[in-house]
1. Please enumerate the residues belonging to segment 518-532 that are touching a residue at least 40 places away in the same chain (Cβ under 8 Å), within 17 Å of G554 (Cα to Cα) and in contact with a Ser or Thr (Cβ under 6 Å, 6 or more places away or on another chain).
2. Would you check if F551 is under 28 Å from V637 (Cβ atoms) and of a type in the set (F, W, Y)?
3. What single numbered condition from (1) modelled with pLDDT of 90 or more; (2) within 36 Å of the chain's Cα centre (by Cα); (3) charged (D, E, K, R) fails to hold for D621?
4. List pairs: first in segment 104-118 and farther than 13 Å from D78 by Cα, second part of a loop (DSSP other than H, G, I, E, B), Cβ under 6 Å, 6+ apart or cross-chain?
5. Being in a loop (DSSP other than H, G, I, E, B), surrounded by fewer than 16 Cβ atoms within 10 Å (Cβ to Cβ) and touching a helix residue (DSSP H, G or I) at 6+ places or on another chain (Cβ under 7 Å) is the filter here; which residues of segment 257-279 pass it?
6. If R56 passes every condition in (1) more than 15 Å from A101 (Cβ to Cβ); (2) at pLDDT below 95 but one, which one does it miss?
7. Identify all residues within segment 516-570 that are acidic (D, E) and under 14 Å from L492 (Cβ atoms); write none if there are none.
8. Scan segment 528-554 for residues that are out of contact with any Asp or Glu (no Cβ under 6 Å at 6 or more places or on another chain), buried (at least 21 other Cβ atoms within 10 Å of the Cβ), part of a loop (DSSP other than H, G, I, E, B) and modelled with pLDDT of 95 or more and report the count.
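The values are calculated or read from the model by the stated rules, or taken from the named source; none is laboratory data. If you're wondering where the values come from, they're calculated on a predicted model, not measured in any experiment. Positions of Cβ are generated from backbone atoms using ideal geometry, with glycine treated the same way; all protein chains shown enter the neighbour counts.
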Amino acid sequence: MTDVRPVRAEDALDLAAVAAWLAGHADPGRAGVDLSAVPEVRQFSGGVSNLTYLLRYPDGDLVLRRPPRGQHTGTAHDVAREYRIQEALGRVLPAVPRTVALCEDTAVTGTPFSVVRRIEGPIPRRRMPPGVDLSREQVARLCTNVVDLLVELHRVDVDATGLAGLDRGPGYVRRQVDNWTGRYARARTRDVPSFARVTAWLAAHQPADRPHTLVHNDFRLDNVVLDPADPTRPVGLLDWELATVGDPLMDLASALGYWIQADDGPLVRRLSRQPTTLPGMMTREQVVAHYCARTGHRVTNGEWAWYEVFGLFRVAVIAQQVWARYRSGQTTDPAFRSFGVAVRLLERRCLSVIRRAGRLTPDRAAAQVGSPLLTRRRIRPRRWTPPAFHDPGPTAPLRIARRLDPGDHGPEDVVFDAAGLAVTGLRDGSVVRIDVATGARTPVGRTGGRPLGVEPCADGSVLVCDHDRGLLRVGPDGAVEVLVSSLDGEPLTFASNVAAAPDGTVWFTTSTDRWDVEHHLGDFFEHSATGRLVRRDPDGTVTTVLAGLGFANGLVLAPDGSHLLLAETARYRVLRHWLTGPRAGTTEPLVELPGFPDNLSLGSDGLLWVAIAAPRNALLDRLLPLPGVLRLALWNVPARVRPAATPIAWVVAFDPADGRRVHDLRSADAGYGFVTAVAERDGTVVVAGLHEDELAVLDPLVP
């Protein structure tokens, strides 16, 4: 057992008093050992806060924790609070150690102490424990499982644990900044920097509070116990003294403050206290991206810079508190003698992140952490001659009767399911069903990315094209299954819309492999035509059916399965791709449009409903056939000078047999613009908009 050692003299424990108290106060059944015996005692290595001891009884092991001698700050070293959190949380999170007893009588051994049952298994320290030899693939699996353990904690229902009282309400970010700034000021010694620039920047750039979850606040690999039989699987999470209810991204940032990666400089790598430099470990950016994909949180590069600085500063404060104890002689542990150097190095890292954040372009700052798509790049213009412009005008004005709150911003698609409920996906990653008559919402699940096109299935599941994660299935229980995450060996990006056949065949579109959803206009400027129509067979085989499409978008399957209808947004048209009959495998235009078609749906009225996101732009149409240098020059001028979409709410309905227009509803003053989806059911028409906060129900159609 390499992680325990003899007890240091300065940390000596009155073992007889502890054993006697346990024998008289603890439940032997809960302890799982014979408490009448006097145990052997050893001290755990690692950790810089509470002192942790192994109590080895003849028939099993317990773990005792008590605070060190000296000045204590806030909740640090509060073993009673830690014990009660573990007792409550252990009922819902199996990785929490099982509690045995809490002694708050300082007369027993000079300080309060808590006792829990030991979770058997190796604990990663600076290196993996002896005998734990993992391949690159196993290290990658361990890394993923550890991050998923943090995800599991953040998903715990706070009310179900009885710990909701830990939540002090709004202002968590501000309180944390003030708290840790104050801690550093109190612990600062003359040989370390002031961190004044860092704390001023943190105070000036605080993000808005996010929904609160349980947070561990000391989540590190060396607080994780691994399964002895499968050391890629964490079975225990230790050290709960700082746990509370607060911002989960601050918890993630605090964990990554300790996360040294292989490409960090040699001085930084010397500070590593966990084996995060091993081949197979994620980088810090990859951890953030994976965490966001699993939880549905969205955080931009600009936002994450603040969290990263906070996480590093917090580690610096903890290191300084230990360094102050070491300098004053309260501890003589030689592991702490380099902590003063660590504090100075951490200030340099904080300032480096602040400088890097200041150099981010607006588009890069707005991009989601880890996104494989660039948000701003040099366009690669391709010449294209648009079809002749023809606009017969509206058949009736578009009027909104009422609005439906979906629960978050940005309902990009809307489709009716078999029960007549509207299904949509939102910016926060959630997929919801909405009763159009009452407005009642039912959550389906969270994708962990940005859902775009949705397709309700007969079994209650929903197929989702997720901008960040690919083609997904969200089950009736909310479980998310990734169906397709890559194409031709490359990450699947900008999955747009989806249609399913009764035999399990799934068809979906990808709009572009060069731009993200927030900056998709770059695709229209360059006209690179990298969109695709893709088929996933029931056995999981994935085949690209059509390539070179001009921003492939909305997609529907004909009721008889004979063909697909596909919106090719950048070419202003809807295509028909035949699946059966003599024309199987061929593609033909169904209709050309005076605007940019987005999502499609087939109504109960038998019509093909098309959302028109914006009218065609005359300047762009003139530039597309000309040398690309003109578009390149225009792309590089400020956005306010470039061609902009005309705000309009616009939907059209066609007879899918021959492309005959039946309805053309539009309005420039409906208070709703950039319509990206439309669905009809029994005369009720609902529209959705990527940049809107609500769904809108239109006035009844006039025959």
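1. D523, R532
2. For F551, the condition - under 28 Å from V637 (Cβ atoms) and of a type in the set (F, W, Y) - is met.
3. (2) is the only condition that D621 fails.
4. Filtered contacts from segment 104-118: T109/D14; V116/P97; R117/G32; R117/R98.
5. P279
6. Going through (1) more than 15 Å from A101 (Cβ to Cβ); (2) at pLDDT below 95 one by one, R56 breaks only (2).
7. Across segment 516-570, the qualifying residue is only D516.
8. Residues flagged as out of contact with any Asp or Glu (no Cβ under 6 Å at 6 or more places or on another chain), buried (at least 21 other Cβ atoms within 10 Å of the Cβ), part of a loop (DSSP other than H, G, I, E, B) and modelled with pLDDT of 95 or more within segment 528-554 amount to 0.
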